[in-house]
Amino acid sequence: MILHHEFIKTAKKHAKKLAIIDKTTGKDVPYERALIAALILANRFRKKQDRYIGVMVPTSAGCFLAVLGVIMAGKVPVMINYSTGAENNCKYAQKKCGFKTIITSKGLCEKIGCPTVPGMIFLEDIMESLSALEKIKAALKAKMGAGVVIKSLPKAHIEDVVVILFTSGSEKEPKAVQLTHKNIGANVRDVVQILDLSHEDVWMAILPLFHVFGYTTNFWVPVTLGMTVVTYANPLDYKTIPSLIREYKATIITGTPIFFNGYLRESKPGDFETLRLIVAGADKVPDSLRDGYRSKHNIELLEGYGATETSPVVSVNIPGKNKPGSIGMPLPSVHVRIADIDTGAAKKAGDEGKILVKGDLVMKGYFDDIEETSLRIEDGWYDTGDMGVLDEDGYLWHRGRLKRFVKIGGEMVSLVKTENALEKVLPKGVECCIVEVPDSKKGARLIAAVTQKVNEKEMIQKMGKMLAPIEIPNTFLVIPEMPKLGSGKINFREITEKVQDMLK
């Protein structure tokens, strides 16, 4: 599947249908206009010397069209995170991938206080400078058959890189992940098949495209299938999004648990009546959140699992095949193996080990980093760095990051297991994160970072009924607000640094 070719075929087939209802700018874009705009932008971007072009635009028609324009120009979009240190992220991406041009928005830069970085080009300026001739040429080309339009563009191959995305950087410096048409195309095909998606679905797109979860599910899945996408750039606007779902009769939404928690809190009965699929990923889904959606909206919150390096979806629960608490069954074209952390030998069903993934969804590699790529991919198997279990029925269960296991007194202790136990006994609304620090006697000890002061003795006593003594933290430190990434995931690296500073 050549992704932009699929978009062109879809745009021709569904020409008059609304492709994007942009609730950030108030613009509605039919498929035929989306194709014209993408061709105009492609013509502009083709003149740039860079092979890579940065894209830093919020989830909107502008973002979709900019990405399409870059790819149709025969270039590779490098998606830049604007939610955490936009200026630094721009410079980091430029240096890492060796390019200058960044497509962005004046409105965004003003809103987040990002100064103009050399190489920035604003979408607003591009649109204002378009000539009548450019528009006419693109409109005439768009009127031609899909095959003619495709032939007029630079040649594309299924193995070509279609995007560079950066890993979250929650544990160390972000890596630049190269994903190809084959990688994302395989994921799109599998997701469409198992979720039984069609052009009649309406997608509520709230995830940023600088995260692979948004890039694949909120962008490529709907625009290659001919859906209408309702875009809204601020996933933290918990009151507005449920009302948009109701107003536009959205049938699908994907997001992170922290976003879904906000929508649950602010939604009214009936807001999610038209939703047939609500899928959470990027972080663990607490039982309380699933229970909340069942009781308030009579809808099952489905949980999936993936990684930037796997385009992203590895496994997902689906209607009729849902084991709450698991992260679902692997997609049809995906192979998952649970391997021993020391020997690499395959584990049998029910045994815990490292999660390895193989299939067309696995990335081409990290940009300009053969060494790191070879450490993570061996014989086609990608080492996720996560621990998990495959049960007898083929469902995958996530046990936490391998890096979030620690040896204490010779025993392997899961920080995630301790967090899960602590979450069950904490007062409502209190967040936590378990951090390991060095210990001269046992090698390491556990510290609980919590967002409010708690009764430590009571917490330790209650956790003692669920955990072994070495799994229980003996120190509680208050961090009023847990640092998070743009996806809503906990920023473990920053929390660990805060804890270490507090212990000095």
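What follows is calculated from the coordinates using simple rules that are stated; it is not laboratory data. Computed from a prediction, not measured in an experiment: that's the story for all the values here. For neighbour counting, all protein chains shown are included, and Cβ atoms are generated from backbone atoms with ideal geometry for every residue, glycine included.
Miscellaneous remarks
- Size of electric dipole in region 230-354: Cβ of Lys, Arg +1 and of Asp, Glu -1, about Cα centre, debye, nearest 20: 340
- P(r) tail fraction, region 307-445 - alpha-carbon pairs more than 24 Å apart, %: 41
- GluC sites (Glu not before Pro) restricted to DSSP loop in region 436-483 with at most 16 other C-beta within 10 Å: GLU481
- Each Lys or Arg adds one and each Asp or Glu subtracts one; over the other residues with Cβ under 11 Å from the Cβ of ILE299, this totals +1.
- Taking amide H as placed 1.01 Å from N in the peptide plane, the amide H of THR24 sits under 5 Å from that of ALA233, each at least 5 places away or on another chain.
- Distant-in-sequence amide H partners of VAL362 (H built 1.01 Å from N, under 5 Å): none
- Under the simplified labelling scheme, the LEU477-HIS199 pair shows an inter-label distance of 5.6 nm, with each label point 7 Å from Cα along Cα→Cβ.
- Judged by the mean number of other Cβ atoms found within 10 Å, the most tightly packed of the peptides 353-365, 153-165, 92-104 leads the ranking 353-365, 92-104, 153-165.
- Charge tally in the Cβ shell below 13 Å around VAL70, where Lys, Arg are +1 and Asp, Glu are -1, VAL70 excluded: +4
- With contributions of -39500 (n - 2.57) from each DSSP H run of at least four residues, the per-residue ellipticity at 222 nm computed over the chain stands at -10000 deg cm²/dmol.
- Near LYS323: Cβ cut-off under 10 Å, other residues only, Lys/Arg at +1 and Asp/Glu at -1. The net charge is -2.
- Interchain or long-range residues, amide H under 5 Å from ILE408's placed H: VAL413
- Stokes-Einstein D for region 34-171, Kirkwood Rh over Cα pairs, 10 °C, 1.306 mPa s (µm²/s): 102
- Alpha-carbon centroids, region 149-192 and region 1-62: separation in whole Å: 16
- Separation of the LYS16 and GLU273 label points, Cα + 7 Å toward Cβ, nm: 2.9
- Evaluated with a Cβ-only charge set (Lys, Arg +1; Asp, Glu -1), the chain carries a dipole of roughly 1180 debye about its Cα centre, given to the nearest 20.
- Additional length obtainable on full extension of the chain from LYS504 to ASP369, 0.36 nm per residue less Cα span: 45.0 nm
- Translational diffusion coefficient (Stokes-Einstein; Kirkwood radius from C-alpha pairs) of the chain at 25 °C, 0.890 mPa s, in µm²/s: 103
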